[in-house]
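Okay, so here's the structure we're looking at.
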Amino acid sequence: MDAFDLMIQGLQIALQPMNLLFCFLGVLMGTLVGVLPGLGPTAAIALLLPISFNIPPVSTIIMLTGIYYGAMYGGSTTSILLNIPGEAGSVITCIDGHEMAKKGRAGPALGIAAIGSFIAGTIGVLGIMLVAPPMAKFALAFGPPQYFSLMLMGIVIIIYMSRGSVFKDMMTAVFGLLLGTIGMDTISGTQRLTFGVLELADGIGFIPAVMGLFGVAEILINVEKVMVKTLVTEKVKNLLPTLKDFKESFWPIIRGTFLGFFIGVLPGPAPVISTYSSYALEKRISKTPKKFGTGHIVGVAGPEAANNAATSGAMIPLFTLGIPANSVIAVLLGAFMIHGLQPGPMFIFKYPDVFWATIASMYVGNAMLLVLNLPLIPLWVQVLKVPYPILFPLILVFCLVGVYSLNFSQLEVWLMIGFGVLGYFMRKFKFEMAPLILALVLGPMMESNLRLSLLISHGDPLVFLKQPISAVFIVVSTLLIIAAMIPGIQKRRAKLREVIEEEKE
Amino acid sequence: MKKYDIIGSLFYLGVGLLFVIYSRSALDIGTPQEPGSGFLPFYGGLFLLGMSVLFLIKSLLSHLVEGETFFPEKDSWKRVSAIILSLIGHNLLLKPLGLMLVTFVFVGVLVKVIFPQSWVRTFIVAALSALGVKLLFTNLLEIQFPRGFLGF
């Protein structure tokens, strides 16, 4: 059966009324969290994990994936209307999108963002169809050494791509790995750092950790400042861009799509990096670079297409290798595992229904977003008026009750509060969260693959270099760490960060 | 950032030390030929220890000027502390008060404290939250929560 037939089968599953409903709920919630500044898709997916236990696995994955790409649509609304990025991937949209809104062109800006996202989403789904199956077949040859090296490379790339200090990120990643060792050792059955607490035998719960780090910590950061919301325009008119707008935006959308998709495949905060890359590319090749920053539609079209394509690209390493490319996908990986699905090379062949239904649902979801989002923009404008003092306590209640309802364990609630406080201080002290969450998820898998590799090779540490694929991963990881520590490159990274910060302001 | 980096490195130093000592004393580290349950906690802890010491030295020697203050606004600390204390309170009082009552109190306190709202608005939001939580988790998802001394 070829990919097309499998896609049709997936579409049949995705179009079942129940799955359609969850797809709709997912993209709706995704748009909502994208619209609301201060609450990202990671937190939203984490918040919904506890209640997903009562939903069939396929529907859960369809819904949670919908939140991810739906958030990219929603993020642009806040960026354009409020000049506050609803999502990290929409920061760059503020520059020209908000300028357009100030000139009374909020409608075309929102319209081109949605259309660009739809085109990118469509091409992105085709990309997954074409790239994921052969990549999974290639990964079937992987053994424990290759897996260990690949996961190591995943974490190293996240460290390299992050905006913070390499030292800090490396420590954070090791901290995550160590936290992942708490609980019963799966090989020997020994209890590790449980101190006699039975509830810790299964390890530190992923959901309490994620809800604390992304839900509670995000709110603690958000309540520090009084958020002032100044809506540029309440009545958004003429959502459809003009023919001239379309002509100007077409190629930036296509370029943004391909750029976003390939950046998405690489580990790292792909939606964010892809938007900056797309913006920089368009500005560089433009005949009128001075127009950027003054309300140029190209500055919205390219980046918005890029961040949506990046979400599609980021699904490839998850489905084919079982490696999350960023923290949102790491939480999604947790959701797969909670439902007894193990992403990896065998996933596409073992669970073709889940894989193809999810891919098909992404296409359906993108169409839903295009059809629903444009008419719903006035509603999102109203949502933005909901006062934060009311919203924040409700999110916290959801965190508390959601975590407690998992195992009726107050210890897990304490863990969530602890992780919330830890996440708050990490943000304040400029320690990145992504290496921690990625290492926490990958930690147990990395440990078992490390130990198995050493057992197979009779303790030969060179086993990781003797296998060609593994050696490539190790060499790449080493080069990246060295590169990040070379003063010249460090300076260039710092300069790049400064440029990004300046562009944001 | 210098002060924060020092605090961060001390935290990781403590974590590294804990894992090294614990795995050395309570777990079987094993050998590279036969790695035991304490293999990764021990060597991971050792690596973290080494990194944190290096980072501590780097931070102590750096000439970085202190950046922004910890809290961006004068009363930020009040809101942050109120949330942390309320979360602790919610977990402590869940069993004695029951889900509905504790949610009512929790939301009420936060709505009134974070960015103070009127009493009427506070009461309405707290009551609707308590009711919503009961409807969603107890009635719809059929999850049993502590009932508290009032029986609901």
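The values are calculated or read from the model by the stated rules, or taken from the named source; none is laboratory data. Predicted, not measured: the structure shown is a model, and the values here were computed from it. Positions of Cβ are backbone-derived with ideal geometry, glycine not excepted, and every protein chain shown enters the neighbour counts. What goes into the accessible areas is simple: the full protein's heavy atoms, side chains included, and nothing from ligands, DNA or RNA. Shrake-Rupley method; radii C 1.70, N 1.55, O 1.52, S 1.80 Å.
In the set (1) surrounded by 24 or more Cβ atoms within 10 Å (Cβ to Cβ); (2) in contact with a Cys (Cβ under 8 Å, 6 or more places away or on another chain), the condition left unmet by A:Asp96 is number (2).
Of all the criteria given as (1) within 8 Å of chain A (Cβ to nearest Cβ); (2) modelled with pLDDT under 90; (3) farther than 22 Å from A:Phe148 by Cβ, the one not satisfied by B:Asn91 is (2).
Looking only at residues of the stretch A:177-193 that are touching a helix residue (DSSP H, G or I) at 6+ places or on another chain (Cβ under 8 Å) and facing chain B (nearest Cβ under 8 Å), we find that the one that is nearest to B:Asp28 (Cα to Cα) is A:Arg192. Taken over the stretch B:5-47, the criterion of being buried (at least 18 other Cβ atoms within 10 Å of the Cβ), facing another protein chain (nearest Cβ under 7 Å) and part of a helix (DSSP H, G or I) is satisfied by B:Gly8, B:Tyr12, B:Val15, B:Phe19, B:Phe39, B:Leu40, B:Pro41, B:Gly44, B:Gly45, B:Phe47. Return yes when A:Gly299 is out of contact with any strand residue (DSSP E or B) (no Cβ under 7 Å at 6 or more places or on another chain) and modelled with pLDDT under 85 and no when it is not. The answer is no for A:Gly299. Screening the stretch A:88-163 for helices (runs of 4 or more DSSP H) wholly inside it with 3 or more residues that are modelled with pLDDT of 85 or more and under 22 Å from the mean Cα position of the chain (by Cα) returns the ranges A:106-139, A:144-161. Within the stretch A:77-87, restricting attention to residues that are assigned to a helix (DSSP H, G or I) and in contact (Cβ under 8 Å) with a residue 60 or more places away in the chain, the residue that is surrounded by the most Cβ atoms within 10 Å (Cβ to Cβ) is A:Ile80. Among the residues of the stretch B:123-144 satisfying the criterion of being surrounded by 21 or more Cβ atoms within 10 Å (Cβ to Cβ) and over 13 Å from A:Phe398 (Cα atoms), which is farthest from the other protein chains (Cβ to nearest Cβ)? Among those that are surrounded by 21 or more Cβ atoms within 10 Å (Cβ to Cβ) and over 13 Å from A:Phe398 (Cα atoms), it is B:Ala126. Checking each residue in the stretch A:155-169 for being more than 12 Å from every other protein chain (Cβ to nearest Cβ) and touching a Lys or Arg at 6+ places or on another chain (Cβ under 8 Å) picks out only A:Arg163. Please tell me if A:Glu432 is part of a helix (DSSP H, G or I), touching a residue at least 60 places away in the same chain (Cβ under 8 Å), in contact with a helix residue (DSSP H, G or I) (Cβ under 8 Å, 6 or more places away or on another chain) and under 30 Å from A:Val476 (Cβ atoms). When the stated conditions are applied, A:Glu432 does not pass them. A:Thr172 meets all of the listed conditions (1) at the interface with another protein chain (Cβ under 9 Å from one of its Cβ atoms); (2) without any contact (Cβ under 8 Å) to a residue 12 or more places away in the chain but one, namely (2). Within the stretch A:349-366, the residues that satisfy the criterion of being within 23 Å of A:Asn54 (Cβ to Cβ), among the β-branched types (Val, Ile, Thr) and open to solvent by less than 10 Å² (accessible area, probe 1.4 Å) are A:Val354, A:Thr358.
The set of residues in the stretch A:292-348 that are hydroxyl-bearing (Ser, Thr, Tyr) and surrounded by fewer than 23 Cβ atoms within 10 Å (Cβ to Cβ) contains only A:Thr294. Report yes if B:Gly50 is among the small types (Gly, Ala, Ser), within 7 Å of chain A (Cβ to nearest Cβ) and open to solvent by less than 90 Å² (accessible area, probe 1.4 Å), otherwise no. Answer is no for this residue.
For the subset of the stretch A:190-220 comprising residues that are surrounded by fewer than 17 Cβ atoms within 10 Å (Cβ to Cβ) and either touching a Lys or Arg at 6+ places or on another chain (Cβ under 7 Å) or touching a residue at least 60 places away in the same chain (Cβ under 8 Å) (or both), which member is nearest to A:Val403 (Cα to Cα)? Out of the qualifying residues, it is A:Glu199. Within the stretch B:104-114, not a single residue is out of contact with any strand residue (DSSP E or B) (no Cβ under 7 Å at 6 or more places or on another chain), loosely packed, with under 15 Cβ neighbours inside 10 Å and more than 7 Å from chain A (Cβ to nearest Cβ). Assessment of the stretch A:182-189 against the conditions (open to solvent by 10 Å² or more (accessible area, probe 1.4 Å), in contact with a Ser or Thr (Cβ under 7 Å, 6 or more places away or on another chain), at pLDDT below 85 and under 15 Å from A:Met416 (Cβ atoms)) yields no matching residue. Reported count of residues in the stretch A:374-420, each being open to solvent by 40 Å² or more (accessible area, probe 1.4 Å), in a helix (DSSP H, G or I) and without any contact (Cβ under 8 Å) to a residue 60 or more places away in the chain, is 6.
Quick check on my filter: what residues within the stretch A:421-440 are open to solvent by less than 10 Å² (accessible area, probe 1.4 Å) and either modelled with pLDDT under 90 or more than 11 Å from every other protein chain (Cβ to nearest Cβ) (or both)? A:Gly423, A:Pro435, A:Leu436, A:Ile437, A:Leu438, A:Ala439, listed by residue number.
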